[in-house]
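The values are calculated or read from the model by the stated rules, or taken from the named source; none is laboratory data. In this text the structure is predicted, and so the values were computed from the model without any measurement. Ideal geometry is used to build each Cβ from the backbone, glycine not excepted, and the neighbour counts take in all protein chains shown.
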Ligand SMILES: [Mg+2]
């Protein structure tokens with residue numbers, strides 16, 4: 001049996017993406033992902049560029065040039081899955097636990113951290129609530145300090161918030177995705 005292949009998305013995964021600017025524009029390579037792909041190739045793994053751009057014939061030569069400019073071989077470019085695709089690396093994927101329909105624990109954690117960061121950035125919550133949310137995360141990590149009674153009550157609220165985030169992540173994984181889909 002021949003070995004499988006790893007699908008790597010282009011925009012937002014292997015190449016920096018900040019909005020569609022036509023088939024001729026592909027953003028600069030993202031170093032961490034580029035190095036990972038190079039390592040896979042030198043390990044003899046089969047990598048394919050998995051991108052919706054593959055549906056636009058005129059886009060293909062631009063992708064081929066981009067690969068060459070970034071020191072990558074002439075990788076296959078496709079937008080089609082087949083039975084030999086063993087992994088897909090993509091900034092829009094939400095990973096689910098096989099046969100359950102539920103996001104994986106790792107996925108839920110990532111979604112919660114992402115949401116928490118958004119909450120902090122947008123300052124949707126008061127500084128105080130943020131502090132107690134942080135405290136609840138520290139407690140989960142087993143390193144929280146002793147709390148007096150009133151702090152304990154407030155921390156319960158924060159833990160409830162975390163529970164709600166978890167519940168939302170389980171029910172509506174799509175809601176937790178990037179908002180800037182074209
Ligand atoms: Mg993408």
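Observations on the model:
- Flag if residue 31 is in contact with a helix residue (DSSP H, G or I) (Cβ under 6 Å, 6 or more places away or on another chain) and on the phi < 0 side of the Ramachandran plot: no
- Residue among 112, 49 that alone is crowded, with 16+ Cβ neighbours inside 10 Å and assigned by TED's automatic domain parsing to the domain that holds residue 14: 49
- Selection count where residues are surrounded by 15 or more Cβ atoms within 10 Å (Cβ to Cβ) and either in a loop (DSSP other than H, G, I, E, B) or not assigned by TED's automatic domain parsing to the domain that holds residue 76 (or both), scope the stretch 13-38: 7
- With respect to being farther than 30 Å from residue 167 by Cβ, in contact with a helix residue (DSSP H, G or I) (Cβ under 9 Å, 6 or more places away or on another chain) and not assigned by TED's automatic domain parsing to the domain that holds residue 165, residue 10 fits the description.
- Within the stretch 89-100, residues that are surrounded by 13 or more Cβ atoms within 10 Å (Cβ to Cβ) sit with their Cβ atoms under 6 Å from residues that are at pLDDT 95 or above, at 6+ positions apart or across chains, in these pairs: 89/8; 89/13; 90/9; 90/13; 91/12; 91/13.
- Residue 73 meets the conditions (1) surrounded by fewer than 17 Cβ atoms within 10 Å (Cβ to Cβ); (2) modelled with pLDDT of 95 or more; (3) closer than 30 Å to residue 165 by Cα in every case but one. The failed one is (3).
Residue-by-condition table, conditions (1) at pLDDT 95 or above; (2) under 20 Å from the mean Cα position of the chain (by Cα); (3) under 26 Å from residue 3 (Cβ atoms); (4) assigned to a loop (DSSP other than H, G, I, E, B):
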{"position": "40", "(1), (2), (3), (4)": "yes, yes, yes, no"}
{"position": "49", "(1), (2), (3), (4)": "yes, yes, yes, no"}
{"position": "62", "(1), (2), (3), (4)": "yes, no, no, no"}
{"position": "66", "(1), (2), (3), (4)": "yes, no, yes, no"}
{"position": "99", "(1), (2), (3), (4)": "yes, no, yes, yes"}
